[in-house]
Number of protein chains: 2
Amino acid sequence: MISMQPIGYVRSFYRDTQEIPKGLGARHEVEGLLEIRPEFEPGLLDIEGFSHLYVIWAFDRSEGCNLVVTPPSDDRPHGVFATRSPRRPNPIGLTVVQLMSREGPVIGVRGIDMLDGTPILDIKPYLSNVPQERIRRGWLADAEERAGAKP
Amino acid sequence: MISMQPIGYVRSFYRDTQEIPKGLGARHEVEGLLEIRPEFEPGLLDIEGFSHLYVIWAFDRSEGCNLVVTPPSDDRPHGVFATRSPRRPNPIGLTVVQLMSREGPVIGVRGIDMLDGTPILDIKPYLSNVPQERIRRGWLADAEERAGAKP
């Protein structure tokens with residue numbers, strides 16, 4: 001077993017998972033804060049030079065694990081590792097956010113899809129893209145096509 | 001504290017961190033395997049439809065933490081959360097790999113930068129890019145410019 005400690009907490013308007021947009025075409029444009037614990041503030045040196053960050057966090061209010069799930073964006077089942085379902089063997093979430101500001105240990109970001117109080121495990125700089133023309137999105141592209149939704 | 005269990009292990013040619021390309025212009029084109037534990041194989045259903053995956057893993061051979069580090073790509077210090085340094089408060093690694101094949105619980109991938117035997121904590125589908133023109137890469141872009149290196 002590997003033990004992790006929160007390096008800080010998300011401050012967001014979302015108090016309940018029902019409030020978080022999900023499914024096809026869901027957009028995450030909401031702003032929020034990453035409140036890093038003061039003792040880790042030196043680790044943020046120069047972070048404001050990056051436009052986007054990876055936030056790795058814990059689904060602390062999700063219980064149990066389903067290896068096969070039917071996500072909100074489809075009516076067919078898929079393996080949990082092919083989805084963003086919270087009910088995973090390890091309750092790890094990953095979100096790309098846009099960095100808007102920083103004041104000491106508090107980072108203002110856009111693109112929050114976490115509940116208020118979510119424990120943050122790590123932050124990393126977003127450095128590069130996969131070439132757009134090489135991305136295939138499997139069942140999600142199929143579900144969008146069936147739904148007639150725009151990606 | 002939050003406890004995590006390996007869902008599987010990386011099989012790679014790298015036996016020592018010295019062998020892994022680092023620094024400016026480092027490219028990770030090496031192929032390797034993600035050997036998922038057989039009991040989690042159902043969680044891989046439909047994963048082969050995605051061209052790229054996020055692999056979240058543990059730096060299991062890194063000890064301690066430095067909040068301010070001088071990375072191989074620069075001669076100036078930066079906060080650990082603005083770098084990919086292994087000596088982090090939580091020893092979490094994140095790599096985007098290209099999915100090449102799958103046979104049962106074993107996924108063949110390209111883009112490995114982990115040591116052989118590295119514990120895998122989670123796998124997620126790579127769904128979308130940040131618009132290329134909106135990515136800023138802070139100190140890394142500065143270091144590249146000073147070095148005259150191509151990104």
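The values are calculated or read from the model by the stated rules, or taken from the named source; none is laboratory data. A quick note: this is a predicted structure, and the numbers were derived from the prediction, not measured. Virtual Cβ from ideal backbone geometry, glycine too; neighbours counted across all protein chains shown.
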### Selection from the range A:112-125 of residues that are of a type outside the set (Val, Ile, Thr) and at pLDDT 95 or above
A:MET114, A:LEU115, A:ASP116, A:GLY117, A:PRO119, A:LEU121, A:ASP122, A:LYS124, A:PRO125
### Task
Could you tell me which numbered condition A:GLU144 fails, if it satisfies all but one of (1) surrounded by 16 or more Cβ atoms within 10 Å (Cβ to Cβ); (2) within 17 Å of the chain's Cα centre (by Cα); (3) modelled with pLDDT under 95?
(2)
### Summary
When restricted to A:SER73, A:SER101, the only residue polar (S, T, N, Q) and under 17 Å from the mean Cα position of the chain (by Cα) is A:SER73
### Message
For the range B:27-55, give me each residue that is closer than 28 Å to B:ALA147 by Cβ, within 12 Å of another protein chain (Cβ to nearest Cβ) and either without any contact (Cβ under 8 Å) to a residue 24 or more places away in the chain or among the β-branched types (Val, Ile, Thr) (or both).
### Response
B:ARG27
### Message
I'm trying to understand the selection: among the residues of the range A:16-57, which are of a type in the set (Val, Ile, Thr) and crowded, with 20+ Cβ neighbours inside 10 Å?
### Response
A:ILE36, A:ILE47, A:VAL55, A:ILE56
### Task
Identify, by number, the condition in (1) buried (at least 20 other Cβ atoms within 10 Å of the Cβ); (2) within 11 Å of chain B (Cβ to nearest Cβ); (3) in contact with a Ser or Thr (Cβ under 8 Å, 6 or more places away or on another chain); (4) not β-branched (Val, Ile, Thr) that A:ASP60 doesn't meet.
(1)
### Query
In the range A:95-113, which residues are surrounded by fewer than 17 Cβ atoms within 10 Å (Cβ to Cβ) and of a type in the set (Asp, Glu)?
A:GLU103
### Query
Which condition number does B:PRO89 fail, the rest of (1) facing chain A (nearest Cβ under 7 Å); (2) crowded, with 18+ Cβ neighbours inside 10 Å; (3) in contact (Cβ under 8 Å) with a residue 40 or more places away in the chain being met?
(3)
### Summary
Picked from the range A:101-144 (must be hydroxyl-bearing (Ser, Thr, Tyr) and either touching a Gly at 6+ places or on another chain (Cβ under 9 Å) or in contact (Cβ under 8 Å) with a residue 24 or more places away in the chain (or both)), the residue farthest from B:HIS78 (Cα to Cα) is A:THR118
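Residue by residue, here is whether (1) in contact with a Lys or Arg (Cβ under 9 Å, 6 or more places away or on another chain); (2) among the charged types (D, E, K, R); (3) at pLDDT below 95 holds:
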{"residue": "B:GLY32", "(1), (2), (3)": "yes, no, no"}
{"residue": "B:LEU44", "(1), (2), (3)": "yes, no, no"}
{"residue": "B:PHE50", "(1), (2), (3)": "yes, no, no"}
{"residue": "B:VAL55", "(1), (2), (3)": "yes, no, no"}
{"residue": "B:PHE59", "(1), (2), (3)": "yes, no, no"}
{"residue": "B:PRO71", "(1), (2), (3)": "yes, no, yes"}
{"residue": "B:ASP75", "(1), (2), (3)": "yes, yes, yes"}
